[in-house]
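The values are calculated or read from the model by the stated rules, or taken from the named source; none is laboratory data. The model shown is predicted, which means the values in this text are computed figures rather than measured ones. Backbone-built Cβ (ideal geometry, glycine too); neighbour counts: all protein chains shown. Heavy atoms of the whole protein, side chains included, go into the accessibility calculation; ligands, DNA and RNA do not. Shrake-Rupley method; radii C 1.70, N 1.55, O 1.52, S 1.80 Å.
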Protein chains: 2
Amino acid sequence: MTSSQGGRVTQRKIAELAGVSQATVSLVLNGRTDNGVRIPEETRKRVLDVIKATTYVADPVARSLVGGMNNLVGVFTYEHAFPNETSDFYTPLLTGVESAAEALGLDLLMFTSAPLVDGRRRIFHENSRLRLADGCILLGRKMDNGELAKLRDSGYKFVAIGRRDVEGIAYVGVDYGTPTRELARQAIEAGHSAAFYARLSLAGESSRDRHDALTDELAAAGIALTQAETTAVGLAEVWRRVRAGGATILFVEDPKDAEELYALAAADGVAVPDDLSFVVLGERDRKGGCGVDFTCFSAPRTELGARAVALLDQILKGVQGPTLSTRQLLECTVLPGRTLGVPSVRSYR
Amino acid sequence: MTSSQGGRVTQRKIAELAGVSQATVSLVLNGRTDNGVRIPEETRKRVLDVIKATTYVADPVARSLVGGMNNLVGVFTYEHAFPNETSDFYTPLLTGVESAAEALGLDLLMFTSAPLVDGRRRIFHENSRLRLADGCILLGRKMDNGELAKLRDSGYKFVAIGRRDVEGIAYVGVDYGTPTRELARQAIEAGHSAAFYARLSLAGESSRDRHDALTDELAAAGIALTQAETTAVGLAEVWRRVRAGGATILFVEDPKDAEELYALAAADGVAVPDDLSFVVLGERDRKGGCGVDFTCFSAPRTELGARAVALLDQILKGVQGPTLSTRQLLECTVLPGRTLGVPSVRSYR
DNA sequence: CCCCCGTGATAATAGGTATTATCCTCTTGA
DNA sequence: TCAAGAGGATAATACCTATTATCACGGGGG
């Protein structure tokens, strides 16, 4: 009631104070000098002076309505963006997003109004406010490719973080295949001949990449590989199968699974890496910093975020000069760790 | 493909299809039955059927435009909001901010476009975009009270996190005095009679609170207290003075200082708490989670963030029903830790 | 003298929704 | 038959900005 009429300074108020029309104010603000538009320096200065005196800022809502730019980059996260007890997934990415946005003079609009249902946010809900931003960065492990396609068809500009196998979608992702192959080769060189892969569902692109790279590389070396999906069969059962199968090396996709399997191994008196090697095909978990020094790899997450913003900015502003690729893959670093060793001769069963 | 070129489905299109006016569609959608508004069941059903058949979604932009409010809560941080190598200060607060915003259906606007100068952001810079949001949460250790007063005078609605001794400013802060007194009493009960206080500058309200509470409580018990400002004299010198002074207990305001002083003590072979007790008058540092289990206290930071958003929301929407206080202080929890013990009889010098 | 053109600024309008005032029709009571 | 009123739906308008078409004015060339 009070805040709407008394509060906001509009172009009309500026116009009154400067003794010009609202249209003139808009033209000055946008620095228009196109065909037919001429504003003498004197008038321009008068308007700008009034604006400075009043702290005017264009209403992003009205601006969006007419299709203008807000210098707002949306950030959509499928889960809570800020870390809580259970998750600290986005933080490194957002660090990069923030620094890039700062460098480009953009503000970040976090779509917290999209409520979590079943622990996930939905892009298309009752009243999605995505359009408040000029474009959007999409963050999340499990995006729905159907939703992505729908969003793309709506004409909305966005960049996904993580590779997406959907036609016409810009992304900045991580090459998981190469480090997976590298670790597989290390395992082969170490002399392992029986491996187990505790993986996640193959629904996501990154999971498939790891899976394909690992199976491919091991098969080429003639090494036996048994697989199990941890969420499907449960970690206790996975561990039982590992022991029953006689594998000397265990590849684990999810770092949390790795922590737990490691604990199970320790409980059974299995020494790592003397009895059994552990290789994590993913990021070392931050929260587990006090834990095990796993052999794993690390993605440049902060740079990932920064690149995504830069790419989105380019897409929004239209191409000019050197262009960034709309589909980028960044390289991982392999972290040696202390959990990959030579296979033991003795059986630990 | 349907929605991109043809544009989105609007109320007007629904109206045409249902053979009614746009106003009727709006009334149906909002379920209005107020005075004067009557819509027979038959018409209502017809409109709803058309809506179901199409993919109509109300445009949030237009909706905000007419409402006057953006449902945007600004978040202004004086430093980078997202953690980097050097700082992880805001994260717990932002976790609370996010959950409260989600509950209230608000989006968060992070003012990253305000560039850092000398490691700090400035509220009033070239073109502050603060007014993009309906109101704003202010986060930061060292806010400038002059800036705050200026912002208040501009009529802008905001809530500060942390107590601010500026007239007419809403805040949600932490009561540091009470836990400081509590820890001081514990020290007294333990038998300490000579204390040292390694503190920060007294510029901030929270620093003064701690200082006043500590000096007051110790003085009442007739205990000698020596002070030094760590940033002014340097930690090495502080440590020298601590040793020279013969204090049996060291109060440290800043957790990082505490970590370093602890390291200096360890290097000198001083045992904690047997030779010297450490009490931290602040939050245990997260990054130092693997480090020392300091006796300290902990502020409910997540709740702090959530309350700030709730308070701002109330201020923006105008009062109705039970009201939150515009100046709140939350209680700390004292964490016993392992660094407060009884004073040693032997001198460690 | 009239036409044309350059200069400077404005009126009008779109964009989608919510709200209010207004209008039309039909029924009922006197 | 007319006034009153209820029921049903719409036109008009506001919200704020960006854009386009238009207008007023004066000077120079024909």
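Considering the stretch B:91-123, the residues that are among the hydroxyl-bearing types (Ser, Thr, Tyr) and under 16 Å from the mean Cα position of the chain (by Cα) include one that is nearest to A:Arg121 (Cα to Cα), namely B:Ser99.
Taking the stated definitions as given, is B:Asn84 more than 11 Å from DNA strand D (Cβ to nearest atom), surrounded by fewer than 18 Cβ atoms within 10 Å (Cβ to Cβ), under 31 Å from the mean Cα position of the chain (by Cα) and closer than 30 Å to B:Glu147 by Cα? Here the answer is yes, as B:Asn84 does meet what is asked. Annotation: of all residues in the stretch A:19-43 being assigned to a helix (DSSP H, G or I) and over 21 Å from B:Ser128 (Cα atoms), the one that is farthest from DNA strand C (Cβ to nearest atom) is A:Glu41. Scanning the stretch B:60-81 for residues that are more than 15 Å from DNA strand D (Cβ to nearest atom) and open to solvent by 20 Å² or more (accessible area, probe 1.4 Å) returns B:Glu79, B:His80. Picking from residues in the stretch B:174-219 that are farther than 20 Å from B:Pro336 by Cα and hydrophobic (A, V, I, L, M, F, W, C), the one that is farthest from the chain's Cα centre (by Cα) is B:Ala194. Remark: pairs (first residue in the stretch B:178-194, touching a residue at least 40 places away in the same chain (Cβ under 8 Å); second residue in a helix (DSSP H, G or I) and open to solvent by 50 Å² or more (accessible area, probe 1.4 Å); Cβ separation under 8 Å; 6+ apart in sequence or on different chains) = B:Ala194/B:Gly245.
Just one residue in the set A:Arg199, A:Arg210 is open to solvent by less than 40 Å² (accessible area, probe 1.4 Å) and over 23 Å from A:Asp275 (Cβ atoms); that residue is A:Arg210. Within the stretch A:87-105, take every residue that is of a type in the set (A, V, I, L, M, F, W, C) and out of contact with any helix residue (DSSP H, G or I) (no Cβ under 7 Å at 6 or more places or on another chain) and give me the one that is farthest from the other protein chains (Cβ to nearest Cβ). Result: A:Phe89. When each of B:Asp274, B:Asp209 is tested for being charged (D, E, K, R) and more than 18 Å from B:Asp293 (Cα to Cα), the lone residue that passes is B:Asp209. Looking across the stretch B:255-277, the residues that are among the acidic types (Asp, Glu) and open to solvent by 30 Å² or more (accessible area, probe 1.4 Å) come down to B:Glu259, B:Glu260, B:Asp268, B:Asp274. Residues in the stretch A:203-250 that are without any contact (Cβ under 8 Å) to a residue 60 or more places away in the chain and in a strand (DSSP E or B): A:Ala224, A:Leu225, A:Thr226, A:Gln227, A:Ala228, A:Glu229, A:Leu250. The residues of the stretch A:222-249 that are within 20 Å of A:Leu183 (Cα to Cα), small (Gly, Ala, Ser) and open to solvent by 50 Å² or more (accessible area, probe 1.4 Å), listed by number, are A:Gly222, A:Ala224.
Rundown of residues vs (1) outside the structural domain of B:Thr326 (by TED's automatic domain parsing); (2) modelled with pLDDT of 90 or more; (3) within 28 Å of B:Ala244 (Cβ to Cβ), yes/no style:
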| residue | (1), (2), (3) |
| --- | --- |
| B:Gly155 | no, no, no |
| B:Val159 | no, yes, no |
| B:Arg164 | no, yes, no |
| B:Glu182 | yes, yes, no |
| B:Ala198 | yes, yes, yes |
| B:Ser207 | yes, yes, yes |
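With respect to the stated conditions, A:Leu132 is within 16 Å of DNA strand D (Cβ to nearest atom) and under 21 Å from B:Phe76 (Cα atoms). The conditions of being more than 9 Å from every other protein chain (Cβ to nearest Cβ), hydrophobic (A, V, I, L, M, F, W, C) and touching a residue at least 60 places away in the same chain (Cβ under 8 Å) are not met by A:Ile123.
Among the numbered conditions (1) near DNA strand D (Cβ under 8 Å from one of its atoms); (2) outside any helix (DSSP H, G or I); (3) surrounded by 20 or more Cβ atoms within 10 Å (Cβ to Cβ); (4) not aromatic (Phe, Trp, Tyr), the only one that A:Val57 does not meet is (3). Among the residues of the stretch B:27-52, those that are surrounded by 14 or more Cβ atoms within 10 Å (Cβ to Cβ), more than 7 Å from DNA strand D (Cβ to nearest atom) and away from every other protein chain (no Cβ under 14 Å) comprise B:Val28, B:Arg44, B:Arg46, B:Val47, B:Leu48, B:Val50. Scan the stretch A:274-302 for residues that are modelled with pLDDT of 90 or more, in contact with a Lys or Arg (Cβ under 7 Å, 6 or more places away or on another chain) and assigned to a loop (DSSP other than H, G, I, E, B) and the total you get is 3. When every residue of the stretch A:3-16 is checked against the conditions, none turns out to be in a strand (DSSP E or B) and within 16 Å of DNA strand D (Cβ to nearest atom).
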